[in-house]
Amino acid sequence: MSVHQSGSAKRITTHVLQAMKERGEKIAMLTAYDYSMAKVVDDAGIDIILVGDSASNVMAGHETTLPITLDQMIYHASAVVRAVHRSLVVVDLPFGSYQGNSKEALASSIRIMKESGAHAIKMEGGAEIKESIIRILTAGVPVMGHLGLTPQSIYKFGTYTVRAKEEAEAQRLIDDAKLLEDVGCFAIVLEKIPAQLGKIVAETVKIPIIGIGAGQHVDGQVLVLHDLLGLTQDFHPRFLRRYLSLYEEIKGAVGQYVSDVKARDFPNEKEQY
Ligand code: KIV
(Lines give C-alpha, C1' and ligand atoms only; values in the text may rest on other atoms or scores of the structure.)
Protein backbone atom coordinates (compact mmCIF):
# COMPACT_ATOMS: atom_id res chain seq x y z
CA MET A 1 0.00 0.00 0.00
CA SER A 2 1.39 3.42 -0.85
CA VAL A 3 1.26 6.58 1.22
CA HIS A 4 -1.18 9.18 -0.21
CA GLN A 5 0.73 11.61 -2.42
CA SER A 6 -0.51 15.19 -2.59
CA GLY A 7 0.67 17.27 -5.55
CA SER A 8 3.30 16.08 -8.01
CA ALA A 9 6.30 15.84 -5.65
CA LYS A 10 7.34 12.37 -4.50
CA ARG A 11 7.05 12.30 -0.74
CA ILE A 12 10.08 11.56 1.41
CA THR A 13 9.33 8.59 3.66
CA THR A 14 11.46 6.78 6.22
CA HIS A 15 12.11 4.14 3.52
CA VAL A 16 13.38 6.80 1.10
CA LEU A 17 15.79 8.04 3.82
CA GLN A 18 17.07 4.52 4.42
CA ALA A 19 17.67 4.08 0.68
CA MET A 20 19.53 7.41 0.63
CA LYS A 21 21.90 6.18 3.32
CA GLU A 22 22.43 2.91 1.46
CA ARG A 23 23.45 4.68 -1.75
CA GLY A 24 25.55 7.29 0.09
CA GLU A 25 23.28 10.25 -0.70
CA LYS A 26 23.41 12.90 2.04
CA ILE A 27 20.18 13.90 3.81
CA ALA A 28 19.35 17.60 4.32
CA MET A 29 17.18 18.50 7.31
CA LEU A 30 16.14 21.89 8.73
CA THR A 31 13.75 23.12 11.36
CA ALA A 32 10.58 25.09 10.62
CA TYR A 33 7.76 26.13 12.91
CA ASP A 34 5.21 27.98 10.77
CA TYR A 35 3.35 27.74 7.46
CA SER A 36 5.21 30.41 5.45
CA MET A 37 8.74 29.26 6.29
CA ALA A 38 7.84 25.58 5.91
CA LYS A 39 6.46 26.29 2.43
CA VAL A 40 9.76 27.86 1.29
CA VAL A 41 11.88 25.17 2.92
CA ASP A 42 9.82 22.34 1.41
CA ASP A 43 9.84 24.02 -2.00
CA ALA A 44 13.64 24.37 -1.81
CA GLY A 45 13.98 20.59 -1.65
CA ILE A 46 14.71 19.83 2.00
CA ASP A 47 14.33 16.13 2.84
CA ILE A 48 13.20 16.40 6.47
CA ILE A 49 11.53 19.30 8.28
CA LEU A 50 11.93 19.14 12.04
CA VAL A 51 9.35 20.98 14.09
CA GLY A 52 11.94 21.24 16.82
CA ASP A 53 11.37 22.20 20.41
CA SER A 54 13.93 24.90 19.55
CA ALA A 55 10.68 26.78 18.80
CA SER A 56 10.85 27.48 22.52
CA ASN A 57 14.01 29.55 21.84
CA VAL A 58 13.56 31.08 18.40
CA MET A 59 9.77 31.51 18.30
CA ALA A 60 8.95 32.16 21.95
CA GLY A 61 12.19 33.70 23.25
CA HIS A 62 12.80 31.26 26.11
CA GLU A 63 16.35 30.57 27.24
CA THR A 64 15.93 26.78 27.01
CA THR A 65 13.70 24.27 25.24
CA LEU A 66 12.07 23.17 28.49
CA PRO A 67 9.04 25.52 28.70
CA ILE A 68 7.35 24.65 25.38
CA THR A 69 4.19 22.58 25.80
CA LEU A 70 2.66 19.72 23.85
CA ASP A 71 -0.24 21.97 22.75
CA GLN A 72 2.22 24.57 21.46
CA MET A 73 4.22 21.92 19.56
CA ILE A 74 0.98 20.68 17.96
CA TYR A 75 0.09 24.24 16.95
CA HIS A 76 3.48 24.72 15.23
CA ALA A 77 3.41 21.25 13.64
CA SER A 78 -0.11 21.70 12.20
CA ALA A 79 0.96 24.92 10.47
CA VAL A 80 4.05 23.23 9.02
CA VAL A 81 2.12 20.18 7.80
CA ARG A 82 -0.35 22.42 5.93
CA ALA A 83 2.56 23.85 3.91
CA VAL A 84 4.45 20.70 3.04
CA HIS A 85 4.13 18.58 -0.10
CA ARG A 86 7.37 16.63 -0.17
CA SER A 87 9.40 16.66 3.05
CA LEU A 88 9.04 14.22 5.92
CA VAL A 89 7.73 16.21 8.91
CA VAL A 90 9.19 15.14 12.27
CA VAL A 91 8.00 16.71 15.53
CA ASP A 92 9.88 16.87 18.85
CA LEU A 93 8.12 15.42 21.86
CA PRO A 94 8.58 18.34 24.28
CA PHE A 95 10.09 18.10 27.74
CA GLY A 96 7.64 16.65 30.23
CA SER A 97 5.45 14.92 27.64
CA TYR A 98 7.24 11.54 27.66
CA GLN A 99 9.74 11.21 30.51
CA GLY A 100 7.11 10.14 33.08
CA ASN A 101 6.24 6.72 31.69
CA SER A 102 5.64 4.89 28.41
CA LYS A 103 1.86 5.34 28.58
CA GLU A 104 2.28 9.12 28.74
CA ALA A 105 4.88 8.96 25.92
CA LEU A 106 2.46 7.04 23.70
CA ALA A 107 -0.44 9.39 24.49
CA SER A 108 1.71 12.44 23.61
CA SER A 109 2.87 10.86 20.34
CA ILE A 110 -0.66 9.97 19.34
CA ARG A 111 -1.83 13.54 19.99
CA ILE A 112 0.94 14.89 17.76
CA MET A 113 0.20 12.46 14.93
CA LYS A 114 -3.60 12.84 15.13
CA GLU A 115 -3.86 16.58 15.71
CA SER A 116 -1.03 17.86 13.50
CA GLY A 117 -0.86 15.30 10.69
CA ALA A 118 2.93 15.00 11.07
CA HIS A 119 4.76 11.89 9.91
CA ALA A 120 7.07 11.00 12.82
CA ILE A 121 8.22 12.09 16.27
CA LYS A 122 11.67 12.68 17.77
CA MET A 123 12.70 12.06 21.37
CA GLU A 124 15.90 12.72 23.31
CA GLY A 125 17.66 9.86 25.08
CA GLY A 126 18.83 6.25 24.83
CA ALA A 127 18.44 3.23 27.12
CA GLU A 128 16.44 5.22 29.69
CA ILE A 129 13.53 5.75 27.26
CA LYS A 130 13.69 2.33 25.54
CA GLU A 131 10.31 1.15 26.85
CA SER A 132 8.57 4.33 25.64
CA ILE A 133 10.15 4.10 22.18
CA ILE A 134 9.02 0.47 21.80
CA ARG A 135 5.48 1.35 22.85
CA ILE A 136 5.30 4.26 20.37
CA LEU A 137 6.74 2.18 17.54
CA THR A 138 4.30 -0.63 18.31
CA ALA A 139 1.48 1.87 17.77
CA GLY A 140 2.85 2.52 14.27
CA VAL A 141 4.49 5.89 14.90
CA PRO A 142 8.00 6.28 13.39
CA VAL A 143 10.57 7.46 15.95
CA MET A 144 13.76 9.47 15.39
CA GLY A 145 16.29 9.31 18.24
CA HIS A 146 18.48 12.16 19.54
CA LEU A 147 21.80 11.55 21.33
CA GLY A 148 24.88 13.56 22.33
CA LEU A 149 23.96 17.03 23.53
CA THR A 150 20.28 16.69 24.39
CA PRO A 151 19.06 20.22 25.25
CA GLN A 152 16.13 19.01 27.37
CA SER A 153 18.78 17.80 29.88
CA ILE A 154 20.72 21.06 29.91
CA TYR A 155 20.36 21.51 33.67
CA LYS A 156 21.89 18.06 34.19
CA PHE A 157 24.81 18.78 31.80
CA GLY A 158 25.29 22.33 33.10
CA THR A 159 26.73 23.63 29.80
CA TYR A 160 26.19 23.42 26.02
CA THR A 161 29.77 22.21 25.37
CA VAL A 162 30.75 19.26 23.16
CA ARG A 163 29.55 15.91 24.56
CA ALA A 164 31.14 12.45 24.61
CA LYS A 165 34.78 13.54 24.46
CA GLU A 166 35.65 11.01 27.17
CA GLU A 167 35.80 7.34 26.27
CA ALA A 168 33.13 6.17 28.72
CA GLU A 169 30.51 8.65 27.45
CA ALA A 170 31.48 7.93 23.82
CA GLN A 171 31.01 4.18 24.40
CA ARG A 172 27.63 4.82 26.06
CA LEU A 173 26.58 6.88 23.06
CA ILE A 174 27.60 4.10 20.63
CA ASP A 175 25.68 1.55 22.73
CA ASP A 176 22.62 3.84 22.80
CA ALA A 177 22.78 4.29 19.01
CA LYS A 178 22.84 0.50 18.55
CA LEU A 179 19.92 0.15 20.95
CA LEU A 180 17.87 2.79 19.09
CA GLU A 181 18.57 0.94 15.84
CA ASP A 182 17.69 -2.44 17.38
CA VAL A 183 14.33 -1.27 18.77
CA GLY A 184 13.37 0.20 15.38
CA CYS A 185 14.10 3.95 15.24
CA PHE A 186 14.32 5.09 11.62
CA ALA A 187 17.11 7.65 12.17
CA ILE A 188 19.13 9.35 14.90
CA VAL A 189 20.17 12.98 15.42
CA LEU A 190 23.65 13.35 16.94
CA GLU A 191 24.25 16.76 18.45
CA LYS A 192 27.61 18.38 19.23
CA ILE A 193 29.99 15.44 19.50
CA PRO A 194 33.51 14.86 18.05
CA ALA A 195 33.49 14.25 14.28
CA GLN A 196 35.41 10.98 14.73
CA LEU A 197 32.67 9.64 17.02
CA GLY A 198 30.01 10.71 14.49
CA LYS A 199 31.88 8.69 11.86
CA ILE A 200 32.06 5.61 14.08
CA VAL A 201 28.33 5.75 14.83
CA ALA A 202 27.38 6.30 11.17
CA GLU A 203 29.50 3.30 10.20
CA THR A 204 28.27 1.14 13.09
CA VAL A 205 24.50 1.47 12.61
CA LYS A 206 22.58 0.97 9.38
CA ILE A 207 19.94 3.67 9.96
CA PRO A 208 20.62 7.29 8.88
CA ILE A 209 22.62 9.46 11.29
CA ILE A 210 21.85 13.17 11.02
CA GLY A 211 24.40 15.48 12.63
CA ILE A 212 24.33 18.96 14.11
CA GLY A 213 27.91 19.65 15.10
CA ALA A 214 28.77 15.96 14.57
CA GLY A 215 31.13 16.41 11.63
CA GLN A 216 31.12 15.62 7.94
CA HIS A 217 31.09 11.80 8.01
CA VAL A 218 27.49 11.32 9.15
CA ASP A 219 24.63 10.63 6.71
CA GLY A 220 22.99 14.05 6.83
CA GLN A 221 22.96 17.47 8.48
CA VAL A 222 20.40 19.49 10.41
CA LEU A 223 20.44 23.15 11.43
CA VAL A 224 17.96 25.48 13.09
CA LEU A 225 16.46 27.57 10.26
CA HIS A 226 16.74 30.87 12.14
CA ASP A 227 20.48 30.26 12.69
CA LEU A 228 21.13 29.41 9.03
CA LEU A 229 19.25 32.53 7.88
CA GLY A 230 21.06 34.81 10.34
CA LEU A 231 17.89 35.75 12.20
CA THR A 232 19.44 34.76 15.51
CA GLN A 233 22.36 36.94 16.55
CA ASP A 234 24.22 36.00 19.71
CA PHE A 235 24.84 32.35 18.79
CA HIS A 236 28.15 31.43 17.15
CA PRO A 237 28.93 27.73 17.57
CA ARG A 238 31.69 26.39 15.33
CA PHE A 239 29.26 24.07 13.52
CA LEU A 240 26.97 26.87 12.31
CA ARG A 241 27.23 28.18 8.75
CA ARG A 242 25.09 31.30 8.20
CA TYR A 243 23.78 31.64 4.64
CA LEU A 244 22.13 35.05 5.10
CA SER A 245 22.16 38.01 7.49
CA LEU A 246 18.40 38.24 7.64
CA TYR A 247 18.29 40.12 10.94
CA GLU A 248 20.17 43.03 9.35
CA GLU A 249 18.21 42.82 6.08
CA ILE A 250 14.82 42.82 7.81
CA LYS A 251 15.93 45.62 10.13
CA GLY A 252 16.99 47.66 7.10
CA ALA A 253 13.68 47.06 5.30
CA VAL A 254 11.59 47.91 8.37
CA GLY A 255 13.72 51.02 8.99
CA GLN A 256 13.11 52.13 5.41
CA TYR A 257 9.34 51.58 5.81
CA VAL A 258 9.34 53.67 9.00
CA SER A 259 11.20 56.49 7.18
CA ASP A 260 8.84 56.33 4.19
CA VAL A 261 5.73 56.57 6.39
CA LYS A 262 7.14 59.44 8.44
CA ALA A 263 8.23 61.28 5.27
CA ARG A 264 4.71 60.84 3.77
CA ASP A 265 6.36 58.94 0.90
CA PHE A 266 4.28 55.80 1.54
CA PRO A 267 1.70 55.29 0.20
CA ASN A 268 2.17 57.26 -3.01
CA GLU A 269 -0.54 57.98 -5.58
CA LYS A 270 -0.20 54.61 -7.29
CA GLU A 271 -0.48 52.78 -4.00
CA GLN A 272 -3.94 54.02 -3.11
CA TYR A 273 -7.54 53.67 -4.41
O1 KIV B 1 14.83 21.32 18.45
C2 KIV B 1 15.69 21.32 17.56
O3 KIV B 1 15.82 22.25 16.77
C4 KIV B 1 16.57 20.15 17.47
C5 KIV B 1 17.72 20.25 16.53
C6 KIV B 1 18.80 21.05 17.14
C7 KIV B 1 18.20 18.92 16.09
O8 KIV B 1 16.38 19.20 18.15
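Leaving out ligands and nucleic acids, and using a 1.4 Å probe, what accessible area per residue does the chain come to in Å²? All intermediate terms of the calculation are to be shown ahead of the outcome.
Working: 14440 Å² over 273 residues.
Dividing the accessible area of the chain by its residue count gives 53 Å².
Overall, the accessible surface of region 14-242 at a probe of 1.4 angstrom is composed of carbon and sulfur to the extent of 53 percent. With Cα atoms defining each centre, region 25-80 and region 120-198 are spaced 19 Å apart in the structure.
Here are some pairs, K130/K178; K103/K192; K10/K114; K21/K165; which of them have Cα atoms lying more than 20 Å apart in this structure? Beyond 20 Å between Cα atoms: K103/K192; K10/K114; K21/K165.
Near H146, the amide H atoms lying under 5 Å from its own belong to M123, G125, V189; only residues 5 or more places off or on other chains count, and H is placed 1.01 Å from N. Residues whose amide H falls under 5 Å from that of Y33, counting only those 5 or more places apart or on a different chain, are A38, with hydrogens built in the peptide plane.
The values are calculated or read from the model by the stated rules, or taken from the named source; none is laboratory data. These numbers come from a predicted model, not from an experiment. To get the accessible areas, we keep the full protein, side chains included, count just its heavy atoms, and leave off ligands, DNA and RNA. Shrake-Rupley method; radii C 1.70, N 1.55, O 1.52, S 1.80 Å.
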